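Below: the structure, in structure tokens.
The values are calculated or read from the model by the stated rules, or taken from the named source; none is laboratory data. For clarity, every value in this text was computed on a predicted model and none was experimentally measured. Because the Cβ atoms are built from the backbone with ideal geometry, glycine has one as well, and the counts that use them run over all protein chains shown.
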Amino acid sequence: MNEVLQKFQNLGIIPVVVINDAKDAAPLAKALCNGGLPVAEVTFRTAAAEEAIKEMLKACPDMFVGAGTVLTTEQVDRAVAAGCKFIVSPGLNPKIVKYCIEKNIPITPGTSSPSDIEQAIELGLEAVKFFPAEQSGGIDKIKAMAGPYTNMKFMPTGGVNASNLKNYLDFPKILACGGSWMVKSDLIANGEFDKIEALTREAVNTMLGFELKHVGVNTASEAEAVEVAEAFEKMFGFTKKVGGSSVFAGTAIEAMKSPYLGKNGHIAIGTNYINRAVYHLGLRGFEFDETTAKRDDKGNLKAIYIKGEFGGFAVHLVQK
């Protein structure tokens with residue numbers, strides 16, 4: 001998978017924005033970055049798009065900005081000159097795709113049928129946009145089509161929102177979802193950038209689905225760990241279960257047989273997508289201790305600790 005597609009997968013959500021006035025570009029860019037999504041697909045359907053892209057990158061130089069609704073090779077050139085890192089088109093125009101490939105410009109063209117996908121494969125693409133997603137059959141159609149095309153990845157756009165986002169992202173062949181629910185045109189036009197920032201942060205947290213899974217308590221011995229677990233069983237009916245390195249009381253309390261990370265113990269936070277969570281927490285300034293990573297027999301990350309302590313507790317992520 002190339003670098004651009006990997007970035008799409010890490011981000012999970014690609015805000016699709018329509019900017020009618022370039023003066024809105026800088027505050028919009030800052031709102032998206034502050035909200036946790038330093039990325040935007042700026043549609044080329046308005047006269048302000050090219051200038052808006054420049055202004056976004058001027059305000060947030062590290063932002064991952066691309067151009068959408070690109071219909072001509074001339075628009076490709078203008079978008080790249082403005083600083084775009086990727087191109088998205090609503091349909092699959094072989095002329096546009098070939099032009100981008102020849103110039104080494106990442107492109108994700110729109111598809112909605114097996115014939116489209118086969119054209120994309122013939123052109124050497126690894127991923128396609130699925131558009132308009134909900135109107136074309138949604139995740140059920142993607143799953144139905146994906147079977148024969150084992151290596152193709154999809155980026156659904158159109159009708160994706162906070163309520164159905166997880167339905168799409170749970171399917172392994174979905175790279176990311178394009179969406180506009182956090183950047184609606186009226187919010188931009190009205191200058192409601194604080195609201196855009198809040199909606200963006202909410203979208204990321206909804207995607208990642210953070211929730212407390214259990215609290216680990218450090219004890220000095222197996223006997224003390226059993227005693228702690230039995231106390232919670234007696235108090236709350238949390239069934240004691242003895243494991244190799246710890247004793248659980250239900251699923252909420254883990255008593256360690258000997259002290260592990262954290263002065264007092266650890267807190268486990270579950271997430272829908274652990275790799276995306278690691279990426280997004282990295283954007284928030286947190287680092288991870290790779291020596292603590294646990295993986296399944298296929299090499300998939302299942303758990304990892306964040307560096308440092310918080311209130312005397314270590315914190316680790318766990319894949320739900």
**Filter result for the condition that a residue is under 25 Å from Lys129 (Cα atoms) and modelled with pLDDT of 95 or more, over Leu208, Leu187** = Leu208
**Message:** Going by what's in this entry, would Lys30 be described as part of a helix (DSSP H, G or I), closer than 16 Å to Leu199 by Cβ, out of contact with any strand residue (DSSP E or B) (no Cβ under 6 Å at 6 or more places or on another chain) and not hydrophobic (A, V, I, L, M, F, W, C)?
**Reply:** yes
**Request:** Quickly run through region 257-281 and pick out the residues that are closer than 15 Å to Glu309 by Cβ and of a type in the set (A, V, I, L, M).
**Result:** Leu261, Ile267, Ala268, Ile269
**Asked** Looking at (1) in contact with a strand residue (DSSP E or B) (Cβ under 7 Å, 6 or more places away or on another chain); (2) surrounded by fewer than 16 Cβ atoms within 10 Å (Cβ to Cβ); (3) of a type outside the set (A, V, I, L, M), which is the one condition that is false for Phe238?
**Response** (2)
**Request:** Inspect all residues belonging to region 178-188 and state whether any of them is in contact (Cβ under 8 Å) with a residue 12 or more places away in the chain, in a strand (DSSP E or B) and either crowded, with 21+ Cβ neighbours inside 10 Å or not assigned by TED's automatic domain parsing to the domain that holds Lys153 (or both).
**Result:** yes
**Top-ranked residue of region 189-232 - restricted to ones that are part of a loop (DSSP other than H, G, I, E, B) and hydroxyl-bearing (Ser, Thr, Tyr), ranked as nearest to Lys7 (Cα to Cα)** = Thr219
**Item:** Val215 being outside the structural domain of Leu28 (by TED's automatic domain parsing) and either under 30 Å from Ala314 (Cα atoms) or of a type outside the set (D, E, K, R) (or both)
**Value:** yes
**Message:** If I filter region 108-122 for residues that are modelled with pLDDT of 95 or more, part of a loop (DSSP other than H, G, I, E, B), surrounded by fewer than 20 Cβ atoms within 10 Å (Cβ to Cβ) and among the small types (Gly, Ala, Ser), do I get at least one hit?
**Reply:** yes
**Asked** Only one residue in Phe86, Phe154, Phe130 is closer than 25 Å to Val204 by Cβ, in the same structural domain as Ala49 (by TED's automatic domain parsing) and in contact with a Gly (Cβ under 6 Å, 6 or more places away or on another chain), so which one is that?
**Response** Phe86
**Request:** Out of Lys307, Lys263, report the one residue that is in a loop (DSSP other than H, G, I, E, B) and either under 17 Å from Gly209 (Cβ atoms) or over 16 Å from the mean Cα position of the chain (by Cα) (or both).
**Result:** Lys263
